[in-house]
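These notes concern the structure reproduced below.
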Amino acid sequence: MTKKIVITGIGATTPIGGTARDSWKALLAGESGARTIEQEWVGKYDLPVTFAASAKVAPADVLERHELKRLDPSSQFALIAGREAWADAGAPEVAPERLAIDWATGIGGVWTLLDAWDTLRERGPRRVLPMTVPMLMPNGPGAAVGMDLHARAGIRTVVSACASSTESLVNAWEHLQDGVADVVIAGGSEAAIHPVTIASFSSMQALSRRNDDPAIASRPYDVGRDGFVMGEGAAALVLETEEHAKARGARIYAELLGGAITSDAYHITAPDPEGSAAARAMKAAIEGAGASLGDVRHVNAHATSTPVGDVAEYNALRRVFGDALDGIAVTATKASTGHLLGGAGAIESIFTVLALHERTAPPTINLDEQDPEIPLDVVTSPRDLGEGDLIAISNSFGFGGHNAVAAFRAVRRSG
């Protein structure tokens, strides 16, 4: 028998807010997290892109000094988001052996790795910090959250590029179904705004080059879109069975219906332009939980603001919904937050959950002239999603052809 899995806690630190709720308020207000990078290395390396969506609140303003010293920034963000989500869920009383972590990252401890390489070259092996390897490991962020909360039912890390943290949610749903834990914290983090990644993405022609006006650089679906904006941060969701949540009197934000994972097997960086595998993931995420495609009223799109990617996702959506797509409210929240890579799916899932909880679709900013090849109903100001049964999906697609989709249902309002 399939169990109902619900979300009872959320936490985040993003380019537009230091908490999940602050990020949501900024999203509804149409704020942008993209800003000029102030670090000296931008000029030192003569980078062609001089801006990114850095975290609005620095970890140094939140964490203790010893935590900052022993954790890579990707783990620092994870710890902040995980603690907030746990507190938001009411710090459930659960045996450590029944608490699990499903975490994700796309790149991991890139700052630790490359700083250590610089130290080795310039100052020799004795100056390389002994904690370098634990800090750079991709499983470091999940381990940091798990050790902080004493999770002993398992700490798992997904690394599937920009689909990573949506995949972690799918895994969490499956782990709760299988009974390996009573509570699972799922999420993702990324801290990869680094000269090497900026240089690489720039060489790939993947980043926007609107250096003069970063706030309008991420513009999904717009005819003038020219690439994505790198973002950083983390997001976490506390998941448990409905039975467990109700037994402890927890507030329930929404139900996680399930999810699906497919692969394009097409190209290492480019999506399949037909979107067939992405479409299979969307359809499976919805129908696999016994839901109806006709109940979907909102989509949080992957929509990175790249010329090719936005069209490919539109093709996938049209494959799934056909003419009904014209009546579905679509939001591209990366217009505000930039692209958090491995952390993107988690924060966008939180935005989807809050859209259902408040029955309000958040806006897509910077859409001045919509691409005629992408005739979607794009939400450009907060929109009431109405009453009744309400389902939404959140899409994430990553380099390597990874596709991950999570489906959510609104909890019926009482009274």
Point-charge dipole on Cβ atoms (K/R +1, D/E -1) for the chain, about Cα centre, debye to 20: 880
Volume per residue that the Cα convex hull of region 279-415 spans, once the total is divided by residue count, Å³: 104
Test item: Cα-centred dipole of region 314-411, Lys/Arg +1 and Asp/Glu -1 on Cβ, debye: 380
Proximal lysines to residue 3, defined as alpha-carbon separation beneath 21 angstrom and excluding residues fewer than eight positions away on the same chain: 246, 283
Ratio of the Cα radius of gyration of the chain to 2.2 N^0.38 Å, where N counts its residues: 0.92
Cα centroid separation, region 82-143 to region 355-389 (Å): 35
Ordering of 95-104, 192-201 by burial proxy (mean other Cβ atoms within 10 Å per residue, highest first): 95-104, 192-201
Cβ crowding within 10 Å averaged over residues, with 224-232, 40-48 ranked highest first: 224-232, 40-48
Amide H partners (placed H, <5 Å) of residue 258, local residues excluded: 407
Karplus (6.51, -1.76, 1.60) ³J(HN,Hα), θ = phi - 60°, over region 332-349, in Hz, Gly and Pro reported as x: 10, 6, 5, 4, 9, 8, x, 9, 7, 6, x, x, 4, x, 5, 5, 6, 5
Cut-off under 5 Å, modelled amide H: who pairs with residue 360 long-range: 385
Computed helical MRE - 222 nm, the chain, DSSP H runs ≥ 4 contributing -39500 (n - 2.57), nearest 500: -10000 deg cm²/dmol
Residue-by-residue Karplus 3J(HN,Hα) for region 355-367, coefficients 6.51, -1.76, 1.60, Hz, glycine and proline x: 4, 6, 4, 9, 6, 9, 7, x, x, 9, 8, 6, 9
Accessible area per residue in Å² at 1.4 Å probe, computed on the chain: 39
Interatomic Cα distance distribution for region 311-362, bins of 5 angstrom, percent: 5, 16, 21, 23, 24, 10, 0
Portion, in percent, of the accessible area of the chain that falls on carbon or sulfur, probe 1.4 Å: 51
Bridge type composition, the chain - antiparallel percent by DSSP, nearest 5: 65
Vicinal HN-Hα couplings computed from phi for region 174-179 (Karplus, 6.51 cos²θ - 1.76 cosθ + 1.60; Hz; Gly/Pro x): 5, 5, 6, 4, 7, x
Segments 382-393, 155-166, 124-135 sorted - mean Cβ within 10 Å per residue, highest first: 155-166, 382-393, 124-135
FRET E, pair residue 127, residue 69, Förster distance 25 Å, beta-carbon r, rounded to 0.05: 0.95
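The values are calculated or read from the model by the stated rules, or taken from the named source; none is laboratory data. Note that the structure is predicted; figures quoted are calculated from it, not measured. Backbone-built Cβ (ideal geometry, glycine too); neighbour counts: all protein chains shown. To get the accessible areas, we keep the full protein, side chains included, count just its heavy atoms, and leave off ligands, DNA and RNA. Shrake-Rupley method; radii C 1.70, N 1.55, O 1.52, S 1.80 Å.
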